[in-house]
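This report concerns only the one structure given below.
Rule-based calculations on the coordinates, nothing more; no lab input. Here the structure is a predicted model, which is why all the values come from computation and not from measurement. Here the Cβ positions follow ideal geometry from the backbone for every residue, glycine too, while neighbour counts run over all protein chains shown.
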Amino acid sequence: MPIRYDADLARFEAACTVEDALPLAEWLEGTEAPRVDLSGCTDLHTALLQLLLAVRPAVTAGPEDAFLACWVGPVLGAPATLPPIGP
C-alpha cells in the first residue's frame, strides 16, 4: 500500500496513484490534526497533490526524490531535503 496511515500521520511510499485519493481524502477528513511524511514518495499523482493543497496538513518530512523535492515540497511547505539550487 503506497500510503500507510497511523493515528495522525500518513506515510507516502513509492508511487502514490489516483487509487489512493479517496482513502487519503477520507483520512484527512477524519483526522483532527493530520500530518504527512513524503520522504519515501517517488511519484505523486496530481489528485493527491490537490488534496494536500486543499487541506494543508503539516508536512513532517519532505520528499527525497529530486523532482518532488524541487517542485512539490516547497509548494506544500515541506522541510528542505536538498540544498538550494543556484548561487
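Structure above, values below:
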item: Long-range neighbours under 7 Å by Cβ, at least six apart or interchain, first residue over 16 Å from P57 (Cα atoms) within the range 9-29, second assigned to a helix (DSSP H, G or I); result: C16/L48; V18/A47; D20/L48
item: Residues being of a type in the set (A, V, I, L, M), surrounded by fewer than 17 Cβ atoms within 10 Å (Cβ to Cβ) and part of a loop (DSSP other than H, G, I, E, B) - total across the range 43-82; result: 2
item: Output for the range 51-78, where each listed residue is among the hydroxyl-bearing types (S, T, Y) and in contact with a Ser or Thr (Cβ under 7 Å, 6 or more places away or on another chain); result: none
